[in-house]
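Asker: This is the structure, below, for whatever I ask next.
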Amino acid sequence: MKLIYCIRAIYNPGGMERVLLNKVVWLKAHTDMEIVIVTTDQKQRPPFYSFPEGVRVIDLCVNYSDDNAKSPVEKIAGYLRKRWKHKKALTALLQKEKADIVVSLYPSESSFIPSIKDGSKKVLELHFNKLFRFQYNRKGLIGLIDRWRTKQDERLVRKFDKFVVLTQEDKELWGNLHNIEVIPNAALFPSIKKKQSDVSKHRVIAVGRLDYQKGFDRLIQAWEIVQNTKKYSDWQLDIFGQGEWHDMLQQMIEEKNLSQTAYLNRPTNAIWDEYSRSSVLVMSSNYEGFGMVLVEAMACSVPVVAFACQCGPKDIIQDGVNGLLVKDGDIEGLANAMMRLMENEEERKAMGCNARRVTETYSEASVMKRWMELFNSLTGK
């Protein structure tokens, strides 16, 4: 069986890229599938993660990201030109490769890929939730486009042979679709016994891209409340990530006099080691498709605190059992939840012990079994 994954790029240390890596590693180890990754914006940059030998990566050199800093009108004009280039290049490639299944990770080709007649089954794998465009609350022309594109999404997803979402919550947002499936992300757990936290260290961790989605500005505001109590000066907050909000977040930290307790750190391939040296993980996202870092930290016996944003945290966290859920946007509530766990090591240990059970639900074996059943149902193999 030949499988093609389409994704914007794989040079970032993002959650989608890590999930793709986990799947590809498992498929290469357990099947004889031929796997090809097709990108649009790789620009000859090396992948952040090392993919297995034999996996081909083909970049179509469309480069949508070149227009990110342009005006709305220029963005629209540039997008239309590049979409035409993208469709032409991808059509030629798919007709040449003759894959059995093509999986779109919801980059720009999802709008036209069902119409490409190459003999493959088409799968849309959504790593956001249905309402992700509205989370930015954009106004004017871009806001109108967001509403129009969301309506188009409702029509588009029906054209795929299978449409995969990550949470039951998101499935319910889409309504009664004939082709929808829920398959959560799998976490590639390392030698997990060696990566367990004893939750004794006075360290809170957060992981993700430094942008609007991950909402680290909200976390820094909550951390200011924590530090203003003068009770937790021996605790530190470490945020791991990179992105366009780096300078703004660093300025926030400095203006709020948090430089001695809050730190921005570059992404690391050794994130499991960082989990094991932490006592609480916080997710302050404005929206999620799933929330992989929650699962990863919980697998290391780290209790988690998260805003109950759409979608993911409410599927993963049992409030008060393996972590704490906070009303979305309640900055003071987020600070209080952190302080509750920072104050009580025994509660951290109890929640961390319960959190570790997440490995049963989101293990590779459990999740990849569902993917193989889906692939086999499409190909009849």
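Asker: If you rank S363, S71, S108 by fewest surrounding Cβ atoms within 10 Å, what's the result?
Answerer: Values: S363 17, S71 10, S108 20.
So the ranking, lowest neighbour count to highest, is S71, S363, S108.
Asker: Return the Cα extents of segment 192-361 along principal axes one, two and three, sorted largest first, each rounded to a whole Å.
Answerer: Taking the Cα atoms of segment 192-361, the three principal extents are 42, 33, 31 Å.
Asker: Please determine, in degrees from 0 to 90 and to the nearest 10, the orientation of helix 216-228 with respect to the longest principal axis defined by the Cα atoms of the chain, where the helix direction is its Cα long axis.
Answerer: Approximately 0 degrees, to the nearest ten.
Asker: Where does the chain land on Rg/Rh, using Cα atoms and the Kirkwood Rh? Mind dumping the intermediate values first?
Answerer: Details: Rg = 21.0 Å, Rh = 21.8 Å.
Looking at the chain, the ratio lands at 0.97.
Asker: A further question follows. For a 21 Å ceiling on Cα separation, which of these pairs sit above it: K23/K121; K23/K82; K349/K369; K23/K159?
Answerer: Working: K23/K121 18 Å; K23/K82 29 Å; K349/K369 32 Å; K23/K159 24 Å.
Going by Cα-Cα distance, K23/K82; K349/K369; K23/K159 fall outside the 21 Å limit.
Asker: Sorting E169, E345 on the 10 Å Cβ count, fewest up front, what's the list? Walk me through the numbers before you get to the answer.
Answerer: Working: E169 17, E345 14.
Lowest count first: E345, E169.
Asker: Another question about this same structure. Only loop residues by DSSP count here, and only those with at most 12 other Cβ atoms within 10 Å; note down the chymotrypsin sites (Phe, Trp or Tyr not before Pro) in segment 208-248 that meet that.
Answerer: Values: sites: Y212, F216, W223, Y232, W235, F240, W245; in loops: Y212, Y232, W235, W245.
Qualifying residues, ordered by number: none.
Taken together, the values in this text are just the output of simple stated rules run on the coordinates, not laboratory data. None of the values given here were measured: they were computed from a predicted structure. Glycine also receives a Cβ, built like all others from the backbone with ideal geometry; neighbour counts cover every protein chain displayed.
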